[in-house]
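Report on one structure; see the data block that follows.
The values are calculated or read from the model by the stated rules, or taken from the named source; none is laboratory data. Not measured: the values here are computed from a predicted model. Heads up, the Cβs are rebuilt from the backbone with ideal geometry, glycines too, and the neighbour counts pull from every protein chain shown. Heads up: the accessible areas ignore ligands, DNA and RNA and are worked out on the full protein's heavy atoms, side chains in. Shrake-Rupley method; radii C 1.70, N 1.55, O 1.52, S 1.80 Å.
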Amino acid sequence: MTIAAILSGKEGRPLSVECDTLVREAVTLLAEHKIGALPVIRAGKVVGIMSERDVIYCLASDGAAVLEMKVEQVMTAPAITVTSDVQVLAALSQMSRKRIRHLPVVEGEELIGIVSIGDLVAHRIARIEQEAEAMRAYIQSA
């Protein structure tokens, strides 16, 4: 199963912010949409990602002044991205190795979606439950 299958279950265009967006505005988007990260775009290309963690780390070091900074000053860069043809297990493995929770999905340089570790784990669990049910049905029919 690929990342494309995960994206097919999501609605609308992915949220993102431009590099010069104020952290205050980005934090508002995170809160309003109950999400943990936003891809950061420059000239149509994903150049970073700003997560809750990035904001917390900067708040700890710079205090409330971080809210008036530009997103590009607090984002994690370069962005680690995947394409929609990547296998779910490969993406999960990459997220575990890199200790990240969100992966922007790109086609060429264009952002087409974003997946979270929660999306991938939920998909994996559903798949395992389907396989277990198929095994039970097979055993009962034998």
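Against the criterion of being over 21 Å from L120 (Cα atoms), charged (D, E, K, R), without any contact (Cβ under 8 Å) to a residue 60 or more places away in the chain and buried (at least 20 other Cβ atoms within 10 Å of the Cβ), D54 qualifies. Of all the residues in segment 1-33, those that are open to solvent by 40 Å² or more (accessible area, probe 1.4 Å), in a helix (DSSP H, G or I), within 16 Å of H102 (Cβ to Cβ) and touching a helix residue (DSSP H, G or I) at 6+ places or on another chain (Cβ under 8 Å) number 1. Filtered by the rule that a residue be open to solvent by 80 Å² or more (accessible area, probe 1.4 Å) and part of a loop (DSSP other than H, G, I, E, B), segment 86-100 gives a lone residue, R99.
Scanning segment 102-142 for residues that are surrounded by 16 or more Cβ atoms within 10 Å (Cβ to Cβ) and either in a helix (DSSP H, G or I) or charged (D, E, K, R) (or both) yields I117, D119, L120, H123. In this structure, does V47 turn out to be in contact with a Cys (Cβ under 9 Å, 6 or more places away or on another chain), in contact (Cβ under 8 Å) with a residue 24 or more places away in the chain and open to solvent by less than 20 Å² (accessible area, probe 1.4 Å)? No.
Within segment 60-71, residues that are of a type in the set (D, E, K, R) sit with their Cβ atoms under 6 Å from residues that are at pLDDT 95 or above, at 6+ positions apart or across chains, in these pairs: K70/D20. Of note, G36 satisfies the criterion of being within 13 Å of the chain's Cα centre (by Cα) and surrounded by fewer than 21 Cβ atoms within 10 Å (Cβ to Cβ).
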